[in-house]
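These notes are about the structure you will find just below.
Every number here is computed from the coordinates shown, using simple stated rules; none is lab data. Small disclaimer: the values here were computed from a predicted structure and weren't measured. Neighbour counts run over all protein chains shown; Cβ positions are idealised from the backbone, glycine included.
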Amino acid sequence: MLSEYNYQLVRKSILFFLLISCFFLQAQIVNVENLRHEIDSTGWSGHVRLDGQLEKNNTSRILNFSNQLRLQYKREKSVWFLIHDMSFKEINATEIINNSTQHLRYSHELSSRVSYEAFLQSQSDKVSEIKIRALAGTGLRFNLYNAKKYKFFLGVTMMYEYENSVDDIENVQNNIRSSNYVSFKIKPNDNISLVSSNYFQPLIDYISDYRILSETAIMLKIVKNLKFITTLYYIFDSFPVTNVAKEQYKLTSGLVYSFD
């Protein structure tokens, strides 16, 4: 167990790291439920995921790489979450995709049904032509149903959004959005689980400008602490950056190593 001094030091270090990251990165979708490890004891838990592919044929050389880190620190009724995601794709030494996401969230249990949450989030995304999108938000999370095999949650938050596009650095957006989510976990047995988070994020002063963000993951246990995971990501932006499609989706598979 960490001492009070070490706990405060770790907390400040993580916050400093994320604040620095926000100057270079921007944020889009994070499955908050995948951050949460269901443990009652105080301390650290999390998981690490790596995906890679190298392909060479007569005409091209393709390199794909991605990694994912989830960390959680729990202390009494308070929980800190940290996420780092990165993906990279290169074809014949030409960068096609390069994005990186960071998310820091603090959650404090007010009652068995309600928690207060605050977060900072950032990501870079070449495909969406967004150089910087940084978020800061706060709100409440409601525990709608909590059983061993089925869990349902509702989140209601407000967030500030800063956005800067790749091609037009003078095109800066400063917005206030509502960010509301419904998430659920289904775990029929110890070997399989399904986790899904689905967000609706409209502008406060112009509801026709909205995003729908969804992430659904199926995890299969291989051995203790090692799982195979398949994840579907879906994004719809009613007003994306110029020349970017309104609708995007991605399907990934890989291995996850968990620790607690």
Checklist entry - How large is the charge dipole for the range 49-125, taken about the Cα centre, if only the Cβ atoms of Lys, Arg (+1) and Asp, Glu (-1) carry charge, to the nearest 20 debye? => result 300 debye
Item to check | Cleavage-rule hits, GluC sites (Glu not before Pro), the range 50-155, DSSP coil, Cβ neighbours within 10 Å at most 10 | outcome: E76
Checklist entry - How far, in nm, would the chain grow between V48 and E247 when pulled straight, counting 0.36 nm per residue and subtracting the alpha carbon separation? => result 68.8 nm
Checklist entry - Of R177, R61, how do they rank once you tally other Cβ atoms within 10 Å and put the fewest first? => result R61, R177
Checklist entry - Based on the Cβ-Cβ distance of A93 and V114, what FRET efficiency does E = 1/(1 + (r/R0)^6) give at R0 = 51 Å, to the nearest 0.05? => result 0.45
Checklist entry - In the structure shown, do any of K56/K221; K131/K246; K149/K224 have a Cα-Cα gap over 28 Å, and if so which? => result K56/K221
Checklist entry - For the residues V256, V172, V182, what sequence is obtained by ranking on other C-beta atoms within 10 Å, fewest first? => result V172, V182, V256
Checklist entry - Full extension from I207 to S60: what is 0.36 nm times the residue separation minus their Cα-Cα distance, to one decimal in nm? => result 48.5 nm
Checklist entry - Hey, fewest Cβ within 10 Å first, where do S208, S196, S183 land in order? => result S208, S196, S183
Checklist entry - Which whole-number percent gives the relative contact order of the range 123-226, counting Cα pairs below 8 Å spaced six or more residues apart? => result 19 percent
Item to check | Nitroxide proxy distance, nm - points 7 Å out along Cα→Cβ at N174 and F142 | outcome: 3.3 nm
Item to check | Extension gain from Y257 to Y160, taking 0.36 nm per residue of separation minus the Cα-Cα distance | outcome: 31.6 nm
